[in-house]
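What follows draws every value from the coordinates through simple rules; no lab data is involved. As the structure is a computational prediction, the values presented were derived from the model and not from experiment. Because the Cβ atoms are built from the backbone with ideal geometry, glycine has one as well, and the counts that use them run over all protein chains shown.
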Amino acid sequence: MTFEEYARIVDSTLARHWAIADAQVNTKELSRIHGVIKGTITLLDGSYVDFSEEVFITTNMITKKGDRYQYLKNNESVFRYDNYPNHPGLRPPFHHKHVSTRRVALLKEAPKLIDVPEEALRYMF
């Protein structure tokens, strides 16, 4: 798989999701196997997910060097996943979740992009 193929899969998956009203996705291919995907996913109720992924693709394995997924409702953060390393007590791979302004949980790996709108659905209704 190449970065271009991965970006097409992301676009296609978001376009088919029943609760996504709009998805604005920008990609920047840095090499055949490395790139950045950023965007905003707007859900049916107007809430949205801002996201960014820097990915490397090797032997059909996707490795995220950097990621951020933030769900906002009424322009206020509900939750955010990221792997920003500058938090006391975090060790690699740095993946963690914030609810409001506090760090809540350390994670073994980053969530998949499509899992974030799924989680946001719990806050919609």
In terms of Cα to Cα distance under 22 Å, which lysines are near enough to LYS65, apart from those fewer than 8 places away along the same chain?
-> LYS28, LYS38, LYS97, LYS108, LYS112
Counting other beta carbons within 10 Å of each Cβ, put PHE3, PHE79 in order, fewest first.
-> PHE79, PHE3
Residue-wise, which Karplus ³J(HN,Hα) couplings in Hz belong to segment 52-62, taking 6.51 cos²θ - 1.76 cosθ + 1.60, θ = phi - 60°, and x for glycine or proline?
-> 8, 9, 10, 10, 10, 10, 9, 6, 6, 10, 9
Kindly write out, for segment 70-80 in residue order, the coupling ³J(HN,Hα) from the Karplus curve 6.51 cos²θ - 1.76 cosθ + 1.60 (θ = phi - 60°), rounded to whole Hz, with x marking Gly and Pro.
-> 10, 9, 10, 10, 6, 6, 10, 5, 9, 7, 8
Can you sort HIS98, HIS17 so the residue with the fewest Cβ neighbours within 10 Å comes first?
-> HIS17, HIS98
Cut-off 12 Å between beta-carbons: net charge of the residues surrounding GLU4, Lys and Arg +1, Asp and Glu -1 | 0
Read phi for every residue in segment 8-14 and hand back ³J(HN,Hα) as whole Hz from Karplus 6.51 cos²θ - 1.76 cosθ + 1.60, θ = phi - 60°, with x for Gly and Pro.
-> 5, 5, 4, 4, 5, 5, 5
